[in-house]
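Q: Okay, here's the structure, questions in a sec.
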Amino acid sequence: MDCFNYPLDTGTLLRKKRRIRKELLAQNPHPLQKRIAILGGSTTNEVADQLGLFLLQYGIQAEFYQSEYGQYWQDAMFGTPELDDFHPDIIYIHTNWRNVTQFPTTATPVQEIDAMLEGEYQRFAEMWRALRDKFHCPIIQNNFDRPNYRLMGNRDVWDPHGRSNFLSRLNQKFYDYAAANEDFYINDIDYLAADYGVSAWGDAFYWHMYKYAMCLDAIPSLAASVANIIKSIYGRNKKALVLDLDNTLWGGVVGDDGVDGIAIGPEVPEGQVYAEFQSYCKALQSIGVVLAVDSKNEEENALAGLRHPDGVLRPEDFVCIKANWEPKDQNLRAIAAELNLGVDSFVFADDNPAERAIVSAQIPGAAVPALDAAENYIRILDHGGYFETTVLSGEDLKKTEQYHARAQAARAQAAFADYGDYLNSLQMTAYIKPFEPLYIQRIAQLTNKSNQFNLTTLRCTEDDIRAMAQNEQYVTLSGRLVDKFADNGVVSVVAAEQVEETLCIRLWLMSCRVLKRGMEDAMMDVLITQAAQRGVKTVEGYYYPTAKNAMVKNFYGEMGFALASTDTDGNTVWRLTVADYKPRHPHMTIEQ
């Protein structure tokens, strides 16, 4: 829906929210269900309504608990039966500068200001600790926006007596806490207010009339920001940016103007704009975004443009380059197939509105931002929140390398008539071990990102993964796959709980980037071996259908399990007698 694209159509979002909600539910009849507690220092009804819409757009249906007005701290510290029974999956603390209980004055001694600052911080830190100890779920906390006035003018920001200075120092304490604590996230309303305009954001009319922390029209922007954090936590980020070339990565048409005639680089203002956009795209790789090209061009001309001496991006920065005269929606589907990604993993960036309209119509789920003038490209992509980063692991930093290796492997496959020979040629080694501290972050990340090869879609925090690793009743396995092209990192996760003589597989998932390599066979061989060593007689597996995991509907049947039961929702239970299991012997070396 266009109303969710930047710039947001706030009028439509506020006036037609019931209709929009109905349409979103019709488009995705099986959304991910999550319970979100909003603990507010101000009125939160509209915040919840708008947050619900943005989450539905990402395939997440939220049920909300809202504290009474201004009771956020009391609810957190002392609890309520309603909140305790709600068992939130996410807690969002919606506070702003008006919820700071004390500010220094020009008469306050500096040493007292430091104590005042620490006291204010500890009030929040105690609340976060209480919530974490009780609910063990991610917490999202607003930082502090600034009042739309400065008592001392410019001095207010540097003088310790100024409110601006006090809030800035308090924000830094929040940031230090976030850096030191997992599953704690900052919603940056200080930036949102500045971007919106501090005076308009903090219009006092809305506080005094409705007790809104910001003006009504700014609430969709706030909701979009919180929704971006939540969808990132649950693996709903986009993964790839597909770029047009002419008038998108450079000014002009390389086929007509020649390489020397395109605008890129420091010589002219237009060239500087495109060079800055290329720099932004290249920087996205550092947070795990992969880049591809989808351009109507001769490949020779496209590569020449990408080798322009003043360009920032080079051909090797792209995991796939489709420069031809095929329809762009078909090229995008081909890119998705080559990279083993769903088409809803892509953002398509093209200056041509006709091309955008075709891709938007033909590729449901792909994000197609409305690019206008080149100087706005970065802002439009950045404000879209497609690549919100909540966790940044070592795996993310190697994504381009891994996808390049995947493309190499795909090309190598074409040279073999026998698929087994091809697998042997990859010289694969699977390192399968229990959950280790080194990989806890990556394992938790996989549970929240993997949707297609995921049998139970159990979403886990890092604390959940540690608890499984430390529980003697659990068999935990993480599988890392290395081939001659690359180290693919941890790509498969299994967790199974022993209940008497039965091993119950609570979690089984695998990254789609190693599909059809035999990694699932290796994991099953190791799992059944460990089950036998424990004296387990039966292994029980579960499949819970979602909108995306139909590909593993018959996974257990293909592994030799027998179907034991099916309920009306399509959930299935499968059983295997350990003594009857026939090892799969995949085409790889297994190191344990």
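Q: Could you list, in sequence order, the residues of the stretch 369-382 that are over 12 Å from Asp244 (Cα atoms) and of a type outside the set (Phe, Trp, Tyr)? Full working, then the answer.
A: Start the filter on the stretch 369-382 by keeping residues that are over 12 Å from Asp244 (Cα atoms), which leaves 369-370, 372-382.
Across the stretch 369-382, the qualifying residues are Pro369, Ala370, Asp372, Ala373, Ala374, Glu375, Asn376, Ile378, Arg379, Ile380, Leu381, Asp382.
Q: Then there is this: Where residues in the stretch 1-22 are assigned to a helix (DSSP H, G or I) and open to solvent by 70 Å² or more (accessible area, probe 1.4 Å), which of them is farthest from Leu55 (Cα to Cα)? Break it down into steps so the answer makes sense when it comes.
A: Applying the first criterion (assigned to a helix (DSSP H, G or I)) to the stretch 1-22 yields 2-4, 10-15, 17-22.
Remaining after also requiring open to solvent by 70 Å² or more (accessible area, probe 1.4 Å): 2, 15, 18-19, 21-22.
Values: Asp2: 15, Arg15: 18, Arg18: 14, Arg19: 15, Arg21: 10, Lys22: 13 Å.
For the stretch 1-22, the residue satisfying everything is Arg15.
Q: Another question about this same structure. Go through (1) more than 30 Å from Phe86 (Cβ to Cβ); (2) modelled with pLDDT of 95 or more; (3) open to solvent by 40 Å² or more (accessible area, probe 1.4 Å); (4) not charged (D, E, K, R) one by one and return the number of the condition Met116 breaks.
A: (3)
Q: Identify the single condition in (1) closer than 18 Å to Ile363 by Cβ; (2) open to solvent by 20 Å² or more (accessible area, probe 1.4 Å); (3) of a type in the set (A, V, I, L, M) that Leu332 does not satisfy, given that it satisfies every other one.
A: Only one criterion in (1) closer than 18 Å to Ile363 by Cβ; (2) open to solvent by 20 Å² or more (accessible area, probe 1.4 Å); (3) of a type in the set (A, V, I, L, M) is unmet by Leu332, namely (2).
Q: Hey, can you tell me all the residues within the stretch 332-384 that are within 17 Å of the chain's Cα centre (by Cα), β-branched (Val, Ile, Thr) and not in a helix (DSSP H, G or I)? Before the answer, list the steps.
A: Looking only at the stretch 332-384, we keep the residues that are within 17 Å of the chain's Cα centre (by Cα), and these are 341-347, 365-367, 381-384.
So of that shortlist, the ones also β-branched (Val, Ile, Thr) come out as 343, 347.
Matches in the stretch 332-384: Val347 only.
Q: Scanning the stretch 504-517 for residues that are open to solvent by less than 10 Å² (accessible area, probe 1.4 Å) and in contact (Cβ under 8 Å) with a residue 40 or more places away in the chain, which turns out nearest to Ala405 (Cα to Cα)?
A: Only one residue fits best here, namely Met510.
Q: Suppose the filter is modelled with pLDDT of 95 or more and under 27 Å from the mean Cα position of the chain (by Cα); does Thr101 pass it? Break it down stepwise before answering.
A: Values: modelled with pLDDT of 95 or more: yes; under 27 Å from the mean Cα position of the chain (by Cα): no.
Against the criterion (modelled with pLDDT of 95 or more and under 27 Å from the mean Cα position of the chain (by Cα)), Thr101 does not qualify.
Q: Of the residues that make up the stretch 66-87, is at least one in contact with a strand residue (DSSP E or B) (Cβ under 6 Å, 6 or more places away or on another chain), open to solvent by 10 Å² or more (accessible area, probe 1.4 Å) and over 30 Å from Phe205 (Cα atoms)?
A: yes
Q: Pairs only if they're at least six apart or on different chains, beta carbon under 8 angstrom, first in the stretch 204-231 and closer than 15 Å to Gln141 by Cα, second in a helix (DSSP H, G or I) and among the charged types (D, E, K, R); list them, first residue then second.
A: Qualifying pairs under 8 Å: Ala213/Arg98.
Q: For the stretch 281-305, give me each residue that is touching a residue at least 12 places away in the same chain (Cβ under 8 Å) and among the aliphatic types (A, V, I, L, M).
A: Taking the stretch 281-305 as the starting set, the residues that turn out to be touching a residue at least 12 places away in the same chain (Cβ under 8 Å) are 281-282, 284-299, 301-305.
The answer is Leu284, Ile287, Val289, Val290, Leu291, Ala292, Val293, Ala302, Leu303, Ala304.
Q: A follow-up question, please. Among (1) open to solvent by less than 30 Å² (accessible area, probe 1.4 Å); (2) touching a His at 6+ places or on another chain (Cβ under 6 Å); (3) β-branched (Val, Ile, Thr), there is one condition Thr106 misses while meeting the rest; what is its number?
A: (1) is the only condition that Thr106 fails.
Q: So, one more: List every residue pair whose Cβ atoms lie under 8 Å apart, where the two residues are 6 or more positions apart in sequence or sit on different chains, the first residue falls within the stretch 1-21 and is β-branched (Val, Ile, Thr), and the second residue, located anywhere, is open to solvent by 30 Å² or more (accessible area, probe 1.4 Å) and modelled with pLDDT under 95.
A: Final answer for the pair search is Ile20/Met1.
Q: I've got another one for you. Of all residues in the stretch 25-45, count the ones that are assigned to a strand (DSSP E or B) and crowded, with 16+ Cβ neighbours inside 10 Å.
A: 7
Q: Answer yes if at least one residue in the stretch 483-492 is of a type outside the set (Lys, Arg) and surrounded by fewer than 17 Cβ atoms within 10 Å (Cβ to Cβ), and no otherwise. Give the derivation first.
A: Keep residues of the stretch 483-492 that are of a type outside the set (Lys, Arg), which gives 483, 485-492.
Keeping just the survivors that are surrounded by fewer than 17 Cβ atoms within 10 Å (Cβ to Cβ) gives 487.
Yes: the stretch 483-492 contains one or more residues that are of a type outside the set (Lys, Arg) and surrounded by fewer than 17 Cβ atoms within 10 Å (Cβ to Cβ).
Q: Asp344: under 27 Å from Ser232 (Cα atoms), in contact with a strand residue (DSSP E or B) (Cβ under 8 Å, 6 or more places away or on another chain) and either open to solvent by 40 Å² or more (accessible area, probe 1.4 Å) or among the acidic types (Asp, Glu) (or both), yes or no?
A: Details: under 27 Å from Ser232 (Cα atoms): yes; in contact with a strand residue (DSSP E or B) (Cβ under 8 Å, 6 or more places away or on another chain): no; either open to solvent by 40 Å² or more (accessible area, probe 1.4 Å) or among the acidic types (Asp, Glu) (or both): yes.
Criteria not met by Asp344.
Q: Would you mind stating whether Asn376 is surrounded by 19 or more Cβ atoms within 10 Å (Cβ to Cβ) and at pLDDT 95 or above?
A: Numbers: surrounded by 19 or more Cβ atoms within 10 Å (Cβ to Cβ): no; at pLDDT 95 or above: yes.
No, not satisfied.
Q: Evaluate the stretch 58-77: report whether one residue or more is outside any loop (DSSP other than H, G, I, E, B), modelled with pLDDT of 95 or more, among the charged types (D, E, K, R) and within 25 Å of the chain's Cα centre (by Cα).
A: Yes, the stretch 58-77 contains a residue that is outside any loop (DSSP other than H, G, I, E, B), modelled with pLDDT of 95 or more, among the charged types (D, E, K, R) and within 25 Å of the chain's Cα centre (by Cα).
Q: Could you list, in sequence order, all residues of the stretch 91-128 that are within 25 Å of Trp201 (Cβ to Cβ) and without any contact (Cβ under 8 Å) to a residue 24 or more places away in the chain?
A: Once the filter is applied, which keeps residues that are within 25 Å of Trp201 (Cβ to Cβ) and without any contact (Cβ under 8 Å) to a residue 24 or more places away in the chain, the stretch 91-128 yields Thr101, Gln102.
Q: Filter the stretch 254-311 for residues that are open to solvent by 50 Å² or more (accessible area, probe 1.4 Å), more than 23 Å from Glu338 (Cα to Cα) and among the polar types (S, T, N, Q) and give the result.
A: Gln272, Ser279
Q: Can you tell me how many residues within the stretch 146-204 are open to solvent by less than 80 Å² (accessible area, probe 1.4 Å) and aromatic (Phe, Trp, Tyr)?
A: Summing the residues that are open to solvent by less than 80 Å² (accessible area, probe 1.4 Å) and aromatic (Phe, Trp, Tyr) in the stretch 146-204 gives 7.
Q: So Tyr556 fits all but one of (1) within 21 Å of Cys460 (Cα to Cα); (2) in a helix (DSSP H, G or I); (3) not hydrophobic (A, V, I, L, M, F, W, C); what number is the exception?
A: (1)
Q: Please indicate, with yes or no, whether at least one residue in the stretch 122-136 is open to solvent by 10 Å² or more (accessible area, probe 1.4 Å), in a loop (DSSP other than H, G, I, E, B) and out of contact with any His (no Cβ under 8 Å at 6 or more places or on another chain).
A: Start the filter on the stretch 122-136 by keeping residues that are open to solvent by 10 Å² or more (accessible area, probe 1.4 Å), which leaves 122-123, 126, 129-130, 132-136.
Among the residues that remain, those that are also in a loop (DSSP other than H, G, I, E, B) are: 136.
Okay, now just the ones that are also out of contact with any His (no Cβ under 8 Å at 6 or more places or on another chain), so 136.
Yes.
The values are calculated or read from the model by the stated rules, or taken from the named source; none is laboratory data. Computed from a predicted model, the values in this text were never measured in an experiment. So basically every Cβ, Gly included, is an ideal-geometry build from the backbone, and we count neighbours across all protein chains shown. Surface accessibility is based on the protein's heavy atoms, side chains included, excluding ligands, DNA and RNA. Shrake-Rupley method; radii C 1.70, N 1.55, O 1.52, S 1.80 Å.
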